[in-house]
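Engineer: Shown below is the structure under consideration.
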Amino acid sequence: MSRLTHAAATMHTLSLAAMEEASRFGVRDTDIDHLLLALTIDSETGGQTLRGMGVSLEAARAAVAAQHASQLGLVGIATDPDSPGRIVFHETSGYEWTDRAITVLKDASSGERRGDSAAVLRALVDEPSGLIDQILRRLDADPDTLRTRLDEVQRLRLIPPAPAGHQNLSGSRSVFVPAPIEDVWALLSAPARIPEWDQGIAAVDADDETSGSWEAETATTLPDGKPMQVKDEFRRQRVHLAQREEPTSIQWLFTHPDAARSNPRSVAFALEHAAGGMQLRVTLTWLTPPSRGGRRIVRVLMKPLFRFVLFIQLTQLESGITRVFR
């Protein structure tokens, strides 16, 4: 993955998580404190460094709320400590970065900085308003110590996984989930709970969870309630349990029995323990037939688009999973 591509992927992932956090407060302006919250669940070096200093999502949320309450208290405004609600970003729209947050993101990709999560965190710690400095001190995370650790790890590089096969369209990403591995396994291994993390599935008829294959309904509305056009042959799906090894790995296969020429979709998860939660590897694969003649040429030309679509689909799966535990 090139530096530019890696930076773009990082910005997209952090933007999604930060705007989800902003939505809990009922605001559309996504600020630097929301960016800090997003970094606490980052799977790369930025998030790892924060969690290594004892900064968890829940602790950071409490520190942000306390800092806001303190600032408002100085002007005589009392706040409700229970005011933040659930994440509604996927049901709403109109979110934008504040100017100072945009400056931080730009600084993370300037000069020798690579635009990865460690660079974003480094730029965030240096942000001149002092807000992040104060929040970190509430978390007993010394900003200077954090700077030193980030300088030590900035040489780390992420290596993208090898594709699952020459013909299949496959992508894989790692995500940190702020929950015990047992809770994440309970979510990902239950067919009836698939709609909680896959917004393309409306319901799974899983009365018998031992059958290994279940009927499912394709979602026909977006999370915000707007209708989606779904062809009749794609309204019904079949969910197959392809592989299961409790509690470390599971693979689901989705097919459209009424669409003979449709491509099956495989979603595989690899779970492992991590400090403050667990690390989850998500692999999405579209099983495609061998290309011949002109189709092979078209596939080569369309490869960048396919990779982008896979990336978006993977981030949607990641967001759906982490949202359950946030």
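Engineer: Consider the stretch 1-58. How many of its residues are out of contact with any Pro (no Cβ under 6 Å at 6 or more places or on another chain) and in a helix (DSSP H, G or I)?
Structural biologist: Total satisfying the criteria: 39.
Engineer: If G46 satisfies all but one of (1) buried (at least 23 other Cβ atoms within 10 Å of the Cβ); (2) in contact with a strand residue (DSSP E or B) (Cβ under 6 Å, 6 or more places away or on another chain), what's the number of the condition it fails?
Structural biologist: Here G46 clears every test but (2).
Engineer: Quick one: in the stretch 214-253, of everything that is in a strand (DSSP E or B) and among the aromatic types (F, W, Y), which residue is nearest to Q316 (Cα to Cα)?
Structural biologist: Per the stated criteria, the residue is W252.
Engineer: Name the residue that is modelled with the highest pLDDT, counting only residues in the stretch 68-94 that are hydroxyl-bearing (S, T, Y) and closer than 26 Å to G276 by Cβ.
Structural biologist: So, considering only residues that are hydroxyl-bearing (S, T, Y) and closer than 26 Å to G276 by Cβ, the one modelled with the highest pLDDT is S70.
Engineer: A follow-up question, please. Which condition number does E246 fail, the rest of (1) under 24 Å from S174 (Cβ atoms); (2) touching a strand residue (DSSP E or B) at 6+ places or on another chain (Cβ under 6 Å); (3) exposed (fewer than 14 other Cβ atoms within 10 Å of the Cβ) being met?
Structural biologist: Among (1) under 24 Å from S174 (Cβ atoms); (2) touching a strand residue (DSSP E or B) at 6+ places or on another chain (Cβ under 6 Å); (3) exposed (fewer than 14 other Cβ atoms within 10 Å of the Cβ), E246 violates only (2).
Engineer: Here's a check for you: in the stretch 114-139, which residue that is part of a loop (DSSP other than H, G, I, E, B) and touching a residue at least 40 places away in the same chain (Cβ under 8 Å) is nearest to R61 (Cα to Cα)?
Structural biologist: L139
Engineer: Across the stretch 169-199, which residue is surrounded by the most Cβ atoms within 10 Å (Cβ to Cβ) among those that are closer than 15 Å to Q316 by Cβ and of a type in the set (D, E)?
Structural biologist: D198
Engineer: Find all pairs meeting these conditions: Cβ atoms under 7 angstrom apart; at least six residues apart or on different chains; first residue within the stretch 231-254 and in contact (Cβ under 8 Å) with a residue 40 or more places away in the chain and more than 13 Å from W185 (Cβ to Cβ); second residue surrounded by 15 or more Cβ atoms within 10 Å (Cβ to Cβ) and among the aromatic types (F, W, Y).
Structural biologist: Matching pairs, first to second residue: V239/W214; V239/W252; V239/F254; L241/W252.
Engineer: Filter the stretch 190-204 down to the residues that are of a type outside the set (A, V, I, L, M, F, W, C) and part of a loop (DSSP other than H, G, I, E, B), then identify the one that is nearest to F89 (Cα to Cα). Working first, answer last.
Structural biologist: Within the stretch 190-204, the first condition is being of a type outside the set (A, V, I, L, M, F, W, C), and the residues that meet it are 191, 193, 195-196, 198-200.
If we keep only those that are part of a loop (DSSP other than H, G, I, E, B) too, we end up with 198-200.
Details: D198: 16, Q199: 14, G200: 17 Å.
Only one residue fits best here, namely Q199.
Engineer: Let me ask something else. Select from the stretch 218-230 the residues that are charged (D, E, K, R) and touching a residue at least 12 places away in the same chain (Cβ under 8 Å) and list them in ascending order.
Structural biologist: D224
Engineer: What is the number of the single condition among (1) within 23 Å of G276 (Cβ to Cβ); (2) assigned to a helix (DSSP H, G or I); (3) touching a helix residue (DSSP H, G or I) at 6+ places or on another chain (Cβ under 6 Å); (4) of a type outside the set (S, T, Y) that A65 does not meet?
Structural biologist: The failed condition is (3).
Engineer: Condition check: modelled with pLDDT of 90 or more and of a type in the set (S, T, Y). Does T288 satisfy that?
Structural biologist: On the way: modelled with pLDDT of 90 or more: no; of a type in the set (S, T, Y): yes.
So T288 fails the test.
The values are calculated or read from the model by the stated rules, or taken from the named source; none is laboratory data. Quick caveat, the model's predicted, so the values are computed rather than measured. Glycine gets a Cβ as well: all are built from the backbone with ideal geometry, and neighbour counts include every protein chain shown.
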